[in-house]
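The block underneath contains the structure these notes are about, expressed in structure tokens.
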Amino acid sequence: KLAMEFPSEDIFLMTTSPVIKAITNFKQVSKTLEEFDVEEQPSSLLEKRYPNIKVIQSGVKQLKSDEHKIFTEDGNEYMYEKLCLCAGAKPKLIFEGNPYVLGIRDTDSAQAFQKNLAQSERIVVVGNGGIALELVYEIHGCEVIWAIKDKAIGNTFFDAGAAEFLIPKLTAEKRETPIECKRTKYTMEGSEEKERRRAASDKPGSALGPDWHEGLCLKGTKEFSHKVHIETLCEVKKIYLQQEFIQLQRTSLTFPKEEKNVEPDEVLWPVYVELTNGKIYGCDFIVSATGVVPNVKPFLDGNYFAVGEDGGLNVDKHMRTSLPDIYAAGDICTASWEPSPVWHQMRLWTQARQMGWYAAKCMVADTLGESIDMDFSFELFAHVTKFFNYKVVVLGKYNAQGLGLDHELMLRCTKGQEYVKVVMQNGRMMGAVLIGETDLEETFENLILNQMDLSAYGEDLLNPDIDIEDYFD
């Protein structure tokens, strides 16, 4: 966007990675819903397309905002007129520095995970967000103990009812053939691959795309397909290496076949996990899929940024941070404007793309002294994804976020086919969760945006015999 608007200006893109993430197969599903793939491409492609862009493959060592200067780890310094920080977020690991704890955030960590999994008989997955959900569903041939702090799976995206709807898919032995992934892969070989390995392993790469597990062989050593046991309402209390555990003289548990019949484990595992519910399980390694923290560390030293409660750089409605000429977008920032009643920030690829595009528009407008309206994508929270091979659409305050007790839920569910939930407040639709091919997303999007009073329709709103799209066309 910047390169198109300012063809004669030099634009630098600084990144630790030899590849860049490009959005492909972009499809505007409705006014606010977008579907796209994320593809890794060599940075030279971007430079060819836009001659005024120069990609600098180096991490940022220091930012001196008062001097308008960036110092990179390769020893160079760059002056800037305007700067946008898009350094994303890092995995929030349950225990830093433990070789048996793996966080999954970028391509490198996904590949490390795949390699470890190939030799594993049992792993423990900790976390309840999107990556944990996808992982647990995609892994086969390996026992999975899934520890979640909530009552139900997928708490970030949906409620206990939706979780119940999805759970049969986890225990089904027969797997459907996965839907063909549209994305082509850019794989590195030769010198670039070596370069990548040389880059320090603690440097976070950019986040994985929405269908990151496609093309990874997520298979353990065993011949069965799915074996998942969920431990709810618990967190990891402690991790023991094998020697420490032997000295403890405590008992670990086998993989539970039936809840009542839990036996002590005779096998010795490389690492043991003690949960806050008192249970101990041995495993080959632990996946920490417990969310992310904004990657602000390289920029804070000596700069007085206003930082949000979640650790991100506060940005106003023009994506400006509290320091002059510095903008931020994506996972690194915290939206600190007064949001629309049906929008909230969530660290997702869809929002990162929208924020990046809008931040560029704001930088252009500020440079040219023009005024700019808030982007329409911040009117309504809207996200489309896939879990357990079902299409999942979440709209507005889909989990009644911030609505207190003053709301009611309406549900429609056909086992194995679809799950529809709407959140109503004072007769108006505030949010919705749609799982399966419901074809209701556009209608519901409009009903949430126009805040029409739907009291008169009552339960008929979700009556499958009434074609609701025609009703509100």
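The values are calculated or read from the model by the stated rules, or taken from the named source; none is laboratory data. What you see is a predicted model, and the numbers here were worked out from it, not measured in a lab. Reconstructed Cβ throughout: ideal geometry from the backbone, glycine too, with neighbour counts over all protein chains shown. For accessibility, only protein heavy atoms count, side chains too; no ligands or nucleic acids. Shrake-Rupley method; radii C 1.70, N 1.55, O 1.52, S 1.80 Å.
Residues that are open to solvent by less than 10 Å² (accessible area, probe 1.4 Å) and either assigned to a helix (DSSP H, G or I) or on the phi < 0 side of the Ramachandran plot (or both) within the stretch 432-460 comprise A432, V433, L434, I435, L440, F444, E445, L447, I448, L454, listed in sequence order.
When A87 is tested against the conditions (1) outside any strand (DSSP E or B); (2) open to solvent by 40 Å² or more (accessible area, probe 1.4 Å); (3) in contact (Cβ under 8 Å) with a residue 40 or more places away in the chain; (4) touching a strand residue (DSSP E or B) at 6+ places or on another chain (Cβ under 9 Å), the lone failure is (2). Search the stretch 31-79 for residues being out of contact with any Leu (no Cβ under 8 Å at 6 or more places or on another chain) and among the aromatic types (F, W, Y), and hand back the single one that is nearest to F305 (Cα to Cα). Among those that are out of contact with any Leu (no Cβ under 8 Å at 6 or more places or on another chain) and among the aromatic types (F, W, Y), it is Y78. Tallying residues that are closer than 21 Å to E445 by Cβ, touching a residue at least 40 places away in the same chain (Cβ under 8 Å) and of a type in the set (A, V, I, L, M) within the stretch 350-395 yields 9. Residues in the stretch 280-325 that are open to solvent by less than 40 Å² (accessible area, probe 1.4 Å), assigned to a strand (DSSP E or B) and out of contact with any Cys (no Cβ under 8 Å at 6 or more places or on another chain): I280, Y281, G282, C283, F285, I286, V287, S288. Taking L46, is it outside any strand (DSSP E or B), open to solvent by less than 40 Å² (accessible area, probe 1.4 Å) and closer than 30 Å to A382 by Cα? It is true that L46 is outside any strand (DSSP E or B), open to solvent by less than 40 Å² (accessible area, probe 1.4 Å) and closer than 30 Å to A382 by Cα. Tell me which residues, restricted to the stretch 139-166, are open to solvent by 10 Å² or more (accessible area, probe 1.4 Å) and part of a strand (DSSP E or B). Selection gives H140, E143.
Within the stretch 49-59, restricting attention to residues that are assigned to a strand (DSSP E or B) and open to solvent by 30 Å² or more (accessible area, probe 1.4 Å), which residue is nearest to E9 (Cα to Cα)?
Our first condition is that a residue be assigned to a strand (DSSP E or B); within the stretch 49-59, this holds for 53-57.
With open to solvent by 30 Å² or more (accessible area, probe 1.4 Å) added as a condition, the list becomes 54, 57.
Values: K54: 11, Q57: 20 Å.
Of everything passing the filter in the stretch 49-59, K54 is nearest to E9 (Cα to Cα).
Candidates in the stretch 329-338 are the residues that are crowded, with 16+ Cβ neighbours inside 10 Å and assigned to a loop (DSSP other than H, G, I, E, B); of these, the one that is nearest to the chain's Cα centre (by Cα) is A329.
Do you know which residues across the stretch 16-33 are closer than 27 Å to T367 by Cβ and either open to solvent by less than 30 Å² (accessible area, probe 1.4 Å) or assigned to a loop (DSSP other than H, G, I, E, B) (or both)?
Step one: of the stretch 16-33, the residues closer than 27 Å to T367 by Cβ are 20-23, 26.
If the condition is that a residue be closer than 27 Å to T367 by Cβ and either open to solvent by less than 30 Å² (accessible area, probe 1.4 Å) or assigned to a loop (DSSP other than H, G, I, E, B) (or both), then I20, A22 are the ones that fit.
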